[in-house]
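Structure record follows, encoded as structure tokens.
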Amino acid sequence: MKERTQIPIMPLSIPSKETNPSVRQFVSTRPSSVTQLPESIFDTKTVAHPIIETPLPRKFPEDTLTARLAIPPKSNPLLRWETLLIIAILLIVGLVHGINMFHYPYYESDEGTYMSQAWAVVSQGRLAYYTYWYDHAPAGWIQIALWAFLTGGFHSFGSAVDAGRVLIFLMQIVATFMVYRIARSISNNVLVATIASLLFALSPYGLYFYRRVLLDNISMFWMLLSILLLVSGKLSLKRVWLSAVALGISALSKELTFFLIPAMAYLVFARADRSHRLLATLGWMVLVISFLSLYPLMATLKNELFPTGTLLGGTAPHVSLLGTLQYQASRGKDAGLLALNSNFWVQTRVWIQGDPVLIVVGSFCAMLSVTLMRWQKMVGIIGLLTLSLWAFFARGGIVFNFYIVPLLPLLALSTSLLLWSIAKVVRMLFQKIVSHRKRIGLFIEQFVIVTCICLIVISCYKVTLETGKHYADPALAYQSDPYVFWDNNQSDAQNQAVSWIKSNIPLKSYMVVDESSWQDLYDDGYRYAHYYWKVENDPAIRNNVFHNNWRSVDYIVTTPQMLSDLVALPLVTTIWKHSTPIISFDTGGWTVEVRKVNK
């Protein structure tokens, strides 16, 4: 037999318990029956090999069934309570804005304009049925067109305007939630967020204008989304870019929010982390400007950037973006803030009569919050955003009543956040004086906020009632009838007039109508019914269809809005003077009259 070779046994290289505590833990967990190794084995002085860390025993993965049956950790009751509160707020807002929204207020011409332009996007692949003259950027009615496409057309909810009002209603619900989240993120206070959302959603002007198909409503929605992305949670670069995209869409929906760019850029700078603050701020501005540049780029590609007669515009007649901007800037040009009889001050006085709580108190809170920006930066920036829109109104130019739409949420935020700042100071003072300071301090803070809001509402209620009952602004009709939003049926007269025309007037009749009814008539075959402003000012309609002759018209359908515009419409005025009424409809103070032209 072969002789076996004996292999020498080398000592184990195990670190000592003193140099590696994990070994001590590992060894101590061994069963006591294990044979004890000699102490010489743990003598590291005689070992030349490096010390290797011995890992702790790994746990086996948790059994899948056990994981399924494990009891989840209890959620925060406060979060559940706040969720119910948010649902209650949105339910209130939905009922207040949704009830009777198809019947009041009347269908405004601008609503018909945006719906017809959305119809042209879907049906004709054009930006407008009539000549598009760059009166507004098209992003707003492109969104309406997408909504109509997704919901099955422009008559899924009744008239064409009703389809648009459903979209605005949904946007208003989400906008209320965003106002809540913005106030909640800044103040970390549920009461402050509740007050802000209710002040915004229940404003009389909000109840009126947030039912209408206005570009201002769409622009406000994206403006709030842009702000929310910047103020909630930790600001990442991804949220910065998304905020820039949202504000770009907002400005391309209605140009008002373009004036928020400087204040929004400062918000990005204030919230961004120092490691990428410069990148975030510059990148945000570049992305917003890039979005806005799509508008002039479209005009350039269509050779409609420069007006006719200029060096780059040529001699052929055409619409132009720069020409329209020049015209818009010149409308109602006056001294603005510096003249008490300017458009700005006239409209501001009407706004104050309609909603003194937000207009007066909110504006004062915005100014005060800007002065406190050193101590309350986020509150101050919201005030700065509010004043930025006021600066646009005071520029010295035309100011329409619905310009207030994107201002209302900022006024509500400024009011509630400044009250929160004041309440915080009061709480700190009480905490220094009273024992059990935490509970009492929080109670005092909430009490101050609620008391201030109640005093504001009570003090302004009498002022609102005493301002009178008859105004040029129909939004103030609620002062003579507090339930006008829910019991008036103004738009029914317009729907009744359209139904009567379809039953009694031939399809080939040449008609001059308000644009609020144009799409409903056109979709039923009335190809020669045209909007009265286009009959007057669009050469393609005035000359090619009606031959600039009042005798070419068979019927004219008047509304109070058309009658108030006759002063600037000589051709339409002539048509109206040579007509006699056939039938009239009035279901809520908005008279629609069908008149036959006497040729």
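The values are calculated or read from the model by the stated rules, or taken from the named source; none is laboratory data. Bear in mind the structure is a predicted one, so any value in this text is a computation, not a measurement. Note that we place each Cβ from the backbone using ideal geometry, even for glycine, and neighbour counts take in every protein chain shown.
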Subject >> Residue count, the range 268-298 (criterion: within 21 Å of Leu252 (Cα to Cα) and assigned to a helix (DSSP H, G or I)) >> reply: 18
**OP:** State whether the residues of the range 577-587 include one that is aliphatic (A, V, I, L, M), surrounded by fewer than 16 Cβ atoms within 10 Å (Cβ to Cβ) and under 35 Å from the mean Cα position of the chain (by Cα).
**Re:** no
Subject >> All positions within the range 200-253 that are touching a helix residue (DSSP H, G or I) at 6+ places or on another chain (Cβ under 7 Å) and basic (Lys, Arg) >> reply: Arg211, Arg212, Arg239
**OP:** Looking for whichever is free of Cβ contacts under 8 Å to residues at least 60 places away in the same chain and of a type in the set (Gly, Ala, Ser) here; the options are Ser369, Ser388. Which one fits?
**Re:** Ser369
**OP:** Please note which helices (runs of 4 or more DSSP H) are completely contained in the range 184-253 and include at least 2 residues that are charged (D, E, K, R).
**Re:** 237-253
**OP:** Could you identify the single residue in Asn495, Asn489, Asn544 that is modelled with pLDDT of 95 or more and either of a type outside the set (A, V, I, L, M) or within 29 Å of Thr131 (Cα to Cα) (or both)?
**Re:** Asn495
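Here's the yes/no breakdown for (1) out of contact with any strand residue (DSSP E or B) (no Cβ under 7 Å at 6 or more places or on another chain); (2) modelled with pLDDT under 50; (3) not small (Gly, Ala, Ser):
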site	(1), (2), (3)
Asp63	yes, yes, yes
Thr66	yes, yes, yes
Thr83	yes, no, yes
Ala88	yes, no, no
Original post:
From Ser509, Ser552, Ser516, which residue is among the small types (Gly, Ala, Ser), in contact (Cβ under 8 Å) with a residue 12 or more places away in the chain and surrounded by 22 or more Cβ atoms within 10 Å (Cβ to Cβ)?
Top reply: Ser516
Original post:
In the list Leu230, Leu256, Leu235, which residue meets the criterion of being modelled with pLDDT under 95, under 18 Å from Gly380 (Cβ atoms) and within 21 Å of the chain's Cα centre (by Cα)?
Top reply: Leu235
Original post:
Hey, does the range 299-320 have a residue that's within 26 Å of the chain's Cα centre (by Cα) and in a helix (DSSP H, G or I)?
Top reply: no
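Table: residues versus (1) among the basic types (Lys, Arg); (2) in the same structural domain as Leu167 (by TED's automatic domain parsing); (3) under 30 Å from Val166 (Cβ atoms).
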site	(1), (2), (3)
Ile218	no, no, yes
Val240	no, no, no
Leu247	no, no, yes
Lys254	yes, no, yes
Asp273	no, no, no
Phe291	no, no, yes
Tyr295	no, no, yes
Leu301	no, no, no
Thr315	no, no, no
Original post:
Quick check: is even one residue across the range 176-183 modelled with pLDDT of 90 or more, under 28 Å from Ser491 (Cβ atoms) and surrounded by fewer than 21 Cβ atoms within 10 Å (Cβ to Cβ)?
Top reply: yes
